[in-house]
Amino acid sequence: MKKVYLTSFLIVATLIGFNQPVPAAQSVATCGLNFIKVTANAKNKQKGYPDPKLTLTCSGDIVTVDSNNIPNFEFVQTTPNPLQAQNLHLELPLKPVPASGVTAVPLGGPVAVTVTGLYIFGPTEAPQDGFKDPFLNGILDYCNGHTAPHGDYHLHVRSDCIGETTKVGSVLAYALDGFPILSPYVCADTACKTSKKLSSSWRVKTGKDARAGNAWQVHEFVAGGDLDKCNGKKTADGYAYYATDSFPYFMGCFVGKPNLPRP
């Protein structure tokens, strides 16, 4: 068993940049995955929030992700729920495989983890809000996230706060079935001198308001676009989801068997 502490300064890494005003971060290849070494945000420290913690433990074909789910960018409260440290504990397969059938994305709770150790929830808000799209209804912060009732911060939409969202092949997160979630940019030619941006194949149903009602019920999947129903496609490395600009943003369903945390 190999345990790697991503908050350690002993990790050899490469410096990368962000478009959002976040601390400099370092990219690491740990357990064959692309998580990022997280460091504390100065403004969060001034506000009394704990430093972010992220640990990976490799054992056989499983990687265990432990995080306190504290952002490494400035937290700006937009809900009545103050930010609180969590005990994020996820077990992901290092070599994910497609299941015999797809699994629906839950209406609430985690569906993926960012490379900085933060929760990602699906494209719907809480039941008291009618499972509406939180992005279109303007209830997310500048990083496209916010806190749930237990103070657990989570993203609903792609954000430069967690990685290089315009770089071809950039890994932004891992779904709970183990498959990566990539930036929506792919090579447009063999030499990859140019790139193109992939779009979701989900569309708003005719006569429906994208901001009203359960987001899954006002959208429908239309085959023949860039991506499949789960918002991904086969790649040279197997399969990947893509973080698109529009619904469902990260994933439309799980291709593999998700290991969802207990409520």
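The values are calculated or read from the model by the stated rules, or taken from the named source; none is laboratory data. What you see is a predicted model; the values in this text were computed from it and never measured. When we count neighbours, we look across all protein chains shown, and the Cβ atoms used for this are built from the backbone with ideal geometry, even at glycine.
A few points about this structure:
- Selection over the range 64-83 of residues that are under 17 Å from V38 (Cβ atoms) and over 18 Å from the mean Cα position of the chain (by Cα) gives a count of 1.
- Among the residues of the range 97-123, those that are under 20 Å from I162 (Cβ atoms) and part of a loop (DSSP other than H, G, I, E, B) comprise V105, G109, V115, T116, G117, L118, G122, P123.
- Exactly one residue among V113, V102 is in contact with a Cys (Cβ under 9 Å, 6 or more places away or on another chain), buried (at least 16 other Cβ atoms within 10 Å of the Cβ), within 19 Å of P248 (Cβ to Cβ) and among the aliphatic types (A, V, I, L, M), and that residue is V102.
- The set of residues from the range 224-263 being under 21 Å from G108 (Cβ atoms) and aromatic (F, W, Y) comprises Y241, F247, Y249, F250, F254.
- Taken as a whole, the structure leaves G207 outside the set of residues that are of a type in the set (G, A, S) and either surrounded by 13 or more Cβ atoms within 10 Å (Cβ to Cβ) or under 19 Å from the mean Cα position of the chain (by Cα) (or both).
- Residue identified as farther than 18 Å from F135 by Cα, in a loop (DSSP other than H, G, I, E, B) and either touching a Pro at 6+ places or on another chain (Cβ under 6 Å) or without any contact (Cβ under 8 Å) to a residue 40 or more places away in the chain (or both) among D189, D209: D189
- Identity of the residue in the range 51-69, farther than 12 Å from T114 by Cβ and of a type in the set (A, V, I, L, M), that ends up surrounded by the fewest Cβ atoms within 10 Å (Cβ to Cβ): I62
- Residue list for the range 133-175, restricted to those being of a type in the set (A, V, I, L, M, F, W, C), closer than 26 Å to Q217 by Cα, out of contact with any helix residue (DSSP H, G or I) (no Cβ under 9 Å at 6 or more places or on another chain) and assigned to a loop (DSSP other than H, G, I, E, B): F135, L140, A148, V157
- Condition check for G169: crowded, with 16+ Cβ neighbours inside 10 Å and at positive phi: yes
- Across the range 213-233, the number of residues qualifying as in a loop (DSSP other than H, G, I, E, B) and either at pLDDT 95 or above or surrounded by 19 or more Cβ atoms within 10 Å (Cβ to Cβ) (or both) comes to 11.
- Taken over the range 190-204, the criterion of being surrounded by fewer than 17 Cβ atoms within 10 Å (Cβ to Cβ) and either more than 26 Å from the chain's Cα centre (by Cα) or of a type in the set (F, W, Y) (or both) is satisfied by T190, A191, K193.
- Being crowded, with 18+ Cβ neighbours inside 10 Å, more than 22 Å from V63 (Cβ to Cβ) and either of a type outside the set (A, V, I, L, M, F, W, C) or at pLDDT below 95 (or both) is a condition met by at least one residue of the range 116-123.
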